[in-house]
């Protein structure tokens, strides 16, 4: 298994990257001109975040289901806070961004759970 320090460092880098990329003003001529691409970005970002978060939270002594629920809850809370903060950066918060965050979080945490079961 990957060392705890590497897992935590990776989690912090991913979380900070999502925060910065979500709060910087968008270029009016961006990939968002392709309808829905931003939802794919949200889905992918939260899939990665939840996968790493699950691996950081899970301990052998805890329930995998409990870890799955906590991981998804924390990721959605993080995404919701970022959506709220976008009001103050000139960006527009969107409900469907949170939906994409949720779907990515469920996918990432479930994938981490599946990987742990395969390794064990």
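Key figures
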read-out	value
Tally of residues being touching a helix residue (DSSP H, G or I) at 6+ places or on another chain (Cβ under 8 Å) and outside any helix (DSSP H, G or I) across segment 85-104	5
Residue check for residue 17: assigned to a helix (DSSP H, G or I) and at pLDDT 95 or above	yes
Residue among 65, 116, 74, 55 that alone is assigned to a helix (DSSP H, G or I) and either in contact with a helix residue (DSSP H, G or I) (Cβ under 6 Å, 6 or more places away or on another chain) or surrounded by 21 or more Cβ atoms within 10 Å (Cβ to Cβ) (or both)	55
Failed item in (1) surrounded by fewer than 17 Cβ atoms within 10 Å (Cβ to Cβ); (2) touching a helix residue (DSSP H, G or I) at 6+ places or on another chain (Cβ under 9 Å); (3) part of a helix (DSSP H, G or I), with residue 82 passing the rest	(1)
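Results for (1) in contact (Cβ under 8 Å) with a residue 24 or more places away in the chain; (2) more than 10 Å from the chain's Cα centre (by Cα), shown as yes or no for each residue.
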| residue | (1), (2) |
| --- | --- |
| 8 | yes, yes |
| 23 | yes, yes |
| 26 | yes, yes |
| 46 | yes, no |
| 51 | yes, no |
| 62 | no, yes |
| 70 | no, yes |
| 84 | no, yes |
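The values are calculated or read from the model by the stated rules, or taken from the named source; none is laboratory data. These figures come from a predicted structure and were not determined experimentally. Because the Cβ atoms are built from the backbone with ideal geometry, glycine has one as well, and the counts that use them run over all protein chains shown.
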